[in-house]
Amino acid sequence: MLQKLTSLSKQSAIYGLGTFLNQGIGFLLIPVYARFLSTEDYGINGSVSAFIGILGIVLTLSLESAVTRIYYDLKSEKERRAYFGRAWLVMLSFGLAVALLMEVAGDGIFALLFPDIPFDPYGRLATWGSYLAVFGVLPSVIWRVREQARTFVTFSVSQFLFRVLLNIVFVVYLQQGATGIFRSFFLANLLYAVPYAWVTLKNSSLSRGAQHLRESIAFALPLVPHRLSNWILNVSDRILLQNYVSLGDIGLYSMGYRVGMTLAAFLDAINLAWAPFYFKTAQEVDGRQSLARLVTYYMFGLMFLTLAVVLLSREAIFLVAAPRFYPAAQVVPAIAFAYSLHGVYLAMVSGLAYVKQTRWILAATMVSAAVNVGLNLLFIPRYGIWAAAGSTLVAFFVRAALVSAASLRLFPLPYEYKRVGVAVGLALALSAGWFVDLGNWWANVAVKTLLLVAYPVGIRLSGVLHPEEVRGLQVVRHKLQNRLSQTLGFSHD
């Protein structure tokens, strides 16, 4: 168990470094956007970014998910190279067809989805930028399944930094508003398409044939409507909001949503390492027991980070944003807990992917998307952005519950329900600290930090930790103390 946890932790830490650098730098762009973008521009950014999410799903046919799973069924390097090459050609060919179709029908599609946002330039830049991003999909899969996390992170962070630099040029210096954001997206993906293509060609062979492609398509096709349903689940609120509130209010909601989904950085980092690790560990003799214990540890960390986002969200927005964005803080708790439920979904959905039962993933996502749209249509006209946040929370709960039920039936693991329940209950209780407002920013941060520290203390005092886990934590603490003492030049006994 220690070896597995160490391996998973190292891979996740490397992915996490890249993810947190990307998210952290992106978070630092909030005050830049808040200063140089209007709330309308921020609303355009949120809506067109949602459209990019659709393109990212459709352009690749979700074949990258199939490649990640089927890689472990292939026994020779020759088979894997041929498989990579065939999958890459299918992605590029289909993606190009979709991009050309958008050139023809883009105006009509944008008029339907985003009545106040023109296809040219926003949709056109988003379309071709998304197609160029396809070049990086297969290299990312190759690095993940081969546990080359450092290479993955190097490319990811450098590309993101280049995009940030372009954002500063176009948004700050050239004053191009939301247009500058999507020009940056297009140019960054254009530059990196070349090295991504080189990596793919180096690791694949472009031989003819359809071996494993039929199985891959059967695996991946249910994931296309699944991911589209996921898109509806995640962004239908912003589309529907356009019919009932101003672009300025959509900008507030986008700001609050961005802060609330800060947790996504942690989830992305874990998931990048978790899926390959899960598929490999599930094939071992004691794999199910190991995975169940790791899910417990994952839930401890997930609840702690969710609590951190909820407690400090208002103070974070007050620190980095202009006063006109302060009302955005009110939607953050619902979004943060929605993303904690997304974390539960990610932990459970791997079981369905392992047994190749992707149709159940599709069913759960379609139901939750329908719930989200229905609640939004019912309550947004009356309650605006607060209804959108609440609907997101309910829909994410439905998706997590349905996927968990299916996973428990088709690939059951011996989960530690009592320990997970304590972690969730304690986090919910302490999250009430969000309402603390002493009228002073520093005082609020101090009190909420104490509430955050109370979480691991509460876990320790609750008695849910096993003796060997307590001893392990003590060993880790002593190692950290020794390392800190050595760094500071002191001896520690």
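Arg399 meets all of the listed conditions (1) assigned to a helix (DSSP H, G or I); (2) on the phi > 0 side of the Ramachandran plot but one, namely (2). All conditions but one from (1) without any contact (Cβ under 8 Å) to a residue 40 or more places away in the chain; (2) open to solvent by 50 Å² or more (accessible area, probe 1.4 Å); (3) not aromatic (Phe, Trp, Tyr) apply to Gly287; the one that does not is (2). For the range 433-446, the candidate set comprises residues that are open to solvent by 50 Å² or more (accessible area, probe 1.4 Å) and in a helix (DSSP H, G or I); within that set, the residue that is nearest to Glu315 (Cα to Cα) is Trp441.
Within the range 292-324, how many residues are of a type outside the set (D, E, K, R) and closer than 15 Å to Arg419 by Cα?
Step one: of the range 292-324, the residues of a type outside the set (D, E, K, R) are 292, 294-313, 316-323.
From what is left, the residues that are closer than 15 Å to Arg419 by Cα are 292, 294-304.
Residues that pass the stated criteria total 12.
The residue list Ala389, Ala353, Ala369 contains one member that is touching a Ser or Thr at 6+ places or on another chain (Cβ under 6 Å), part of a helix (DSSP H, G or I) and in contact (Cβ under 8 Å) with a residue 60 or more places away in the chain, which is Ala369. If you go through the range 316-331 and keep only what is open to solvent by 70 Å² or more (accessible area, probe 1.4 Å), farther than 22 Å from Ser391 by Cα and either modelled with pLDDT of 80 or more or touching a Phe, Trp or Tyr at 6+ places or on another chain (Cβ under 9 Å) (or both), you end up with Phe318, Leu319. Taking each residue of the range 264-283 that is at positive phi and looking for partners that are crowded, with 20+ Cβ neighbours inside 10 Å and in a helix (DSSP H, G or I) with beta-carbon atoms closer than 9 Å, six or more apart or interchain, yields nothing.
Residue check: is Arg359 part of a helix (DSSP H, G or I) and modelled with pLDDT under 90? Give the derivation first.
Numbers: part of a helix (DSSP H, G or I): yes; modelled with pLDDT under 90: yes.
Yes: the conditions hold for Arg359.
A single member of Arg227, Arg214 is basic (Lys, Arg), surrounded by 18 or more Cβ atoms within 10 Å (Cβ to Cβ) and in a helix (DSSP H, G or I), and it is Arg227.
Could you go through the range 228-247 and let me know if any residue there is modelled with pLDDT of 75 or more and of a type in the set (Lys, Arg). Looking for residues that are modelled with pLDDT of 75 or more and of a type in the set (Lys, Arg), one finds none in the range 228-247, hence no.
Looking across Ile317, Ile239, Ile250, one residue alone is closer than 23 Å to Tyr42 by Cβ, of a type in the set (A, V, I, L, M), touching a Lys or Arg at 6+ places or on another chain (Cβ under 9 Å) and assigned to a helix (DSSP H, G or I). It is Ile250.
If you take the residues of the range 361-397 that are under 19 Å from the mean Cα position of the chain (by Cα), buried (at least 20 other Cβ atoms within 10 Å of the Cβ) and β-branched (Val, Ile, Thr), which of them is farthest from Gly248 (Cα to Cα)? Ranking the candidates gives Ile361 first. Within the range 74-96, restricting attention to residues that are without any contact (Cβ under 8 Å) to a residue 60 or more places away in the chain and under 27 Å from the mean Cα position of the chain (by Cα), which residue is surrounded by the fewest Cβ atoms within 10 Å (Cβ to Cβ)? Taking the candidates together, the pick is Ser93.
The values are calculated or read from the model by the stated rules, or taken from the named source; none is laboratory data. The structure displayed is predicted, hence computed values, not measured ones. Virtual Cβ from ideal backbone geometry, glycine too; neighbours counted across all protein chains shown. For the accessible areas, the whole protein counts, side chains as well, though only heavy atoms, and no ligand, DNA or RNA atoms are used. Shrake-Rupley method; radii C 1.70, N 1.55, O 1.52, S 1.80 Å.
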